[in-house]
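The values are calculated or read from the model by the stated rules, or taken from the named source; none is laboratory data. The shown structure was predicted, so the numbers you read here are calculated from the model rather than taken from an experiment. Here the Cβ positions follow ideal geometry from the backbone for every residue, glycine too, while neighbour counts run over all protein chains shown. Side chains included, ligands, DNA and RNA excluded: accessible areas come from the protein's heavy atoms. Shrake-Rupley method; radii C 1.70, N 1.55, O 1.52, S 1.80 Å.
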Protein chains: 2
Amino acid sequence: MKTIAENRCFGGTQGVYSHASKACGTEMTFGLFLPEEAATGPVPVLWFLSGLTCTHENAMIKAGAQGWAAEQGIAVVFPDTSPRGEGVANDEAYDLGQGAGFYVNATQDPWAPHFQMWDYISAELPDLIGAKFALDMDRQAITGHSMGGHGALTLAMGLPGRFRSVSAFAPICHPTRSDWGRKQFTAYLGADEAAWAAHDATLLMQKNGFDGPVLIDTGTADQFGDLLGTEHLAAAMAARRQDGVLRLQKGYDHSYFFIATFMEDHIDFHAQALYA
Amino acid sequence: MKTIAENRCFGGTQGVYSHASKACGTEMTFGLFLPEEAATGPVPVLWFLSGLTCTHENAMIKAGAQGWAAEQGIAVVFPDTSPRGEGVANDEAYDLGQGAGFYVNATQDPWAPHFQMWDYISAELPDLIGAKFALDMDRQAITGHSMGGHGALTLAMGLPGRFRSVSAFAPICHPTRSDWGRKQFTAYLGADEAAWAAHDATLLMQKNGFDGPVLIDTGTADQFGDLLGTEHLAAAMAARRQDGVLRLQKGYDHSYFFIATFMEDHIDFHAQALYA
């Protein structure tokens, strides 16, 4: 593991690190905020999964998470959204290939050799950070934005017992019925839609739900509202009486200004579950 | 004036606007955060002047100011750091020309035709925003980072009565004695150092000080510490018994992580003066 940068931040450290990933077969970069408390013992961990076109850096510099995480004594991990670099397949579109991993293990060429983001986020990266940093991996929570909100919800419901709470900012809720999903799942997972179901938050909510609290914020002025399919997840949550809150935030759009506005609420929400 | 973007943010609006500047003879872009209260009446204004290489955008997306400004009901203006574009002089170095206006009116070629940042920030832009938005221009405060901290301090002391309070994050404190200053003042203002004195915070502090409170934060691990010359301003503040606080923040560097960490303190400091 290499240290790219470490900056003092809200009494703790905002680090950026890279490592040779076995899952993705390439060098991967991630950000990690460690609060002051990590100097004296393991701290709980919140994952922040980012959206289309983002690297590890966007949320790290724009979401305003560190101040609230410092207040709660929680670490925040900011993974990249895909493998990258020479020799890694890509597509000209912004919503496929590098920067658009969709948190799945690709089974189809040319993606399969590197696009193993499910394994990377669910196994390899937690193993690495759990070994290298003062993190309490028995106390994890997860959130994300847009494609990363999809990732947070599907990982939380797909790995029962792993995360104590899940939240999302403007998540893609029903990708098997959206242009943000069908195209990518076809490319990464193939035409057989049976393979897609494990990566659709609405279908997972209908099937099993989440054993813990759920918080979702989406803006009423989200310019990608039709692609998100929030209504499907809302119906599924209500139908199964899922412990959860879905807030439609008046006038907010899909930007990081929206995320920053509600970050305090999300971190407080996760802190309550992590310290319960 | 053109609206480039408006995003809902902490109950208010983060806008980006451009206009044809008479002072700079080119199109200029600025960011403006308006809190919710601006919908019902004029609100106080905090200026944030940015550092070398920055546009209006860096602080707007990375400094985390909007949440605290919203809490205090204060607007925040994020001007650009220089004129830009085709036909505007530039230099290959990051610290001269576009992105490096140093908040002075250039008298020397090739800079004089466009680099009139003092006039732009002290007269043209306040006139414009005071006319177009619900801002109480009798209640203004100013802050900034690095070169923008230099700008904030020199404008505050150079325009007595204009600003109720001034603060700075890692400001350039004594540019007439620093490589961040001598090179640029020679280029913009000419070799006669008498013309430089009005743009040196330490000299202004020695001469007149500031009629209001001053807050300065600089990191002990600032990688540009020698260029900032903090010790000179510290001595000048102490010598004249200036109402003010200079904090050397242990372990912090020159980055926006440092700025974000102490933004709440700065906005609270200005709010106290603006609402006094």
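Numbers at a glance
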{"item": "Among the residues listed as B:Ala5, B:Ala23, the single one being within 14 Å of chain A (Cβ to nearest Cβ) and open to solvent by 20 Å² or more (accessible area, probe 1.4 Å)", "result": "B:Ala5"}
{"item": "Residue tally, condition of a type in the set (A, V, I, L, M, F, W, C), in contact (Cβ under 8 Å) with a residue 40 or more places away in the chain and open to solvent by 10 Å² or more (accessible area, probe 1.4 Å), over region A:146-162", "result": "1"}
{"item": "Selection count where residues are closer than 18 Å to A:Ile74 by Cα and either of a type in the set (A, V, I, L, M) or assigned to a helix (DSSP H, G or I) (or both), scope region A:157-170", "result": "2"}
{"item": "Residue among B:Ala59, B:Ala69, B:Ala38 that alone is surrounded by fewer than 22 Cβ atoms within 10 Å (Cβ to Cβ), assigned to a helix (DSSP H, G or I), more than 11 Å from chain A (Cβ to nearest Cβ) and in contact (Cβ under 8 Å) with a residue 24 or more places away in the chain", "result": "B:Ala38"}
{"item": "Filter result for A:His270 (of a type outside the set (A, V, I, L, M), under 18 Å from the mean Cα position of the chain (by Cα), at negative phi and crowded, with 19+ Cβ neighbours inside 10 Å)", "result": "yes"}
{"item": "Single residue of region B:217-231 satisfying the filter (open to solvent by 80 Å² or more (accessible area, probe 1.4 Å) and away from every other protein chain (no Cβ under 14 Å)) that is nearest to B:Tyr252 (Cα to Cα)", "result": "B:Asp226"}
{"item": "For A:Ser18: the one exception among (1) in a strand (DSSP E or B); (2) touching a helix residue (DSSP H, G or I) at 6+ places or on another chain (Cβ under 7 Å)", "result": "(2)"}
{"item": "Positions within region A:188-203 being open to solvent by 20 Å² or more (accessible area, probe 1.4 Å), within 19 Å of A:Ser146 (Cα to Cα) and more than 17 Å from the chain's Cα centre (by Cα), in sequence order", "result": "A:Ala197, A:Leu203"}
{"item": "Residues located in region B:171-187, provided they are farther than 28 Å from B:His266 by Cβ and not charged (D, E, K, R)", "result": "B:Thr186, B:Ala187"}
{"item": "Which listed residue, of B:Gln249, B:Gln242, B:Gln223, B:Gln206, is closer than 25 Å to B:Gly67 by Cα and more than 18 Å from the chain's Cα centre (by Cα)", "result": "B:Gln249"}
{"item": "Yes/no for B:Leu52 being more than 14 Å from every other protein chain (Cβ to nearest Cβ), part of a loop (DSSP other than H, G, I, E, B), open to solvent by less than 40 Å² (accessible area, probe 1.4 Å) and within 21 Å of B:Thr261 (Cα to Cα)", "result": "yes"}
{"item": "Conditions (1) more than 19 Å from the chain's Cα centre (by Cα); (2) open to solvent by 40 Å² or more (accessible area, probe 1.4 Å): number failed by B:Asp211", "result": "(1)"}
{"item": "Residue check for B:Met117: surrounded by 23 or more Cβ atoms within 10 Å (Cβ to Cβ), touching a Phe, Trp or Tyr at 6+ places or on another chain (Cβ under 8 Å) and on the phi < 0 side of the Ramachandran plot", "result": "yes"}
